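What follows is calculated from the coordinates using simple rules that are stated; it is not laboratory data. Being a predicted model, the structure only gives us computed values, none of them experimental. Cβ atoms come from the backbone with ideal geometry, glycine included; neighbour counts cover every protein chain shown.
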């Protein structure tokens, strides 16, 4: 049986009167790479900080590696790597100083060679101070610092934010280094769906503080469909099909965004509504995400989520 | 090892302020002593003051060669306390590095302990050493004809400890998540009250008691706030 390394139960957080996170129920199994996606202000950072015990929940609880997030002991924290949003490091330290500082907290785990290799791979000058590094270089240092202690669980808060394509790719390759190590779990939040698609095997979608999907990437990819239907005269006045998320119509064409609707059901509906032809259009993950989180019709991805 | 790593980091962050405070105090204090030696109370004029008169402690302090340096020590100590409080707590907030600092294999108590230890060391090392230096320099300039009362020397240390009170007040204000016009200002306001109360005391032992009570109150508030604060 796969062990759950991260678990939240009815996690809720208010900032004053603003609801940032509403009833988050989440389980992340060991050994998966989980992309945590949502729009700006969706509650990703809040959720991550709650999981790490940096924020206090208004209600609910969360557990990391079997330990209550609000009571995380130093020994448990030692097993969790964390890359902060914006790669906030001590600006006055050089990479060497930062390594020395960080190593003191992982006396047995710290992998000198791995850190040195990563710094060399990224081509970073070890004597340069953090304040003189670019945003991308800071991100690379951040990743190397988080990976060198060989954490069982790595949590990264928007690690590729503001990085250019080349640096992002390098960063993701660095992340894959960790993934190659057996049994390691990664949770990373991101706006960039291409990154999620490249490395994740699981996706968690959060929208306005509400969990919208928590499934394998394959399931997510297969569930959201765009169907284009052509009609001889005019489009039907009403569209009633299971899993309808959005409906856009022009004079003789209808575009439907459907969630969890089987191809047979689509074909049957097209036939019963006298569509001349119907076509299931290709969607990339980004389009699927945008459609899925676009207002106004919020529907659950899977029926079991509605139960 | 972990505590010493944290302590080193905090001391390194404090170093520019420690040096600046020490240089300011040393330069101004040393200059004032030399001016006093040149114009003011040399050993001869001090002797004339004493000749045939009974001198009380008030006169001794009033005519003490260190009477001009003492206020500078107080000002520098308060300034250093404020600067360290800002460096250790405000700057960490502004640069958003609290999360990076806190998520590591140490308890929050250890992180706070390292900050407090670094501030205490910074005040004692930079200002304490300069104060001792100035005191012995005054003796070398023969500004003293009689040994000044021990209370005068201790008063200097009282001023140094006041720097710690201001540091704790600044830290508490920085850590508070309340609004400025409500309880956020409490830390700094309380430290100001403690500083003012010192000058209302007739005895140095009472002054020390006030400082210690102030430190205990501020410390208990800081510990409570820091351990429960969201970052």
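The modelled label-to-label distance between residue B:217 and residue B:68, using points 7 Å beyond Cα along the C-beta direction, is 3.6 nm. Within 10 Å of the Cβ of each residue in A:75-88, the mean number of Cβ atoms contributed by other protein chains is 3.
Each of A:201, A:233 was scored by other Cβ atoms within 10 Å of its Cβ. Listed from fewest to most, they are A:233, A:201.
Which FRET efficiency value, to the nearest 0.05, is calculated for residue A:30 and residue A:129 with the Förster distance at 51 angstrom and r the Cβ-Cβ distance? The value I calculate is 0.85.
Extension gain, residue B:19 to residue B:209, is 65.5 nm, computed as 0.36 nm per intervening residue step minus the present C-alpha separation. Residue by residue along A:45-53, Cβ atoms of other protein chains within 10 Å of the local Cβ number 2 on average.
Of the candidates A:253, A:152, A:268, which one comes out as most mobile in a Gaussian network treatment of chain A with C-alpha springs shorter than 10 Å? Fluctuation is largest for A:268.
Treating r as the C-beta distance of residue A:169 and residue B:199 and R0 as 60 Å, the FRET efficiency rounds to 0.40. Sorting B:196, A:67 by the number of Cβ atoms found within 10 Å of their own Cβ, with the fewest placed first, yields B:196, A:67. A crude spin-label estimate for the pair residue A:277 and residue B:136, with each label 7 Å from Cα along the Cβ direction, gives 9.8 nm. Please work out the C-alpha center-to-center distance from region A:161-176 to region B:213-231 and express it in whole Å. So the two Cα centres are separated by 41 Å.
Computed from label points 7 Å out along Cα-Cβ, the spacing between residue A:228 and residue B:182 is 5.6 nm. Listing A:62, A:134, B:126 from fewest to most neighbouring C-beta atoms within 10 Å gives A:134, A:62, B:126. Counting only DSSP beta bridges with both residues in chain A, tell me the antiparallel percent, nearest 5. The antiparallel fraction comes to roughly 70 percent. Overall size of the protein assembly as shown from C-alpha positions, given as principal axis extents largest first: 124, 49, 43 Å.
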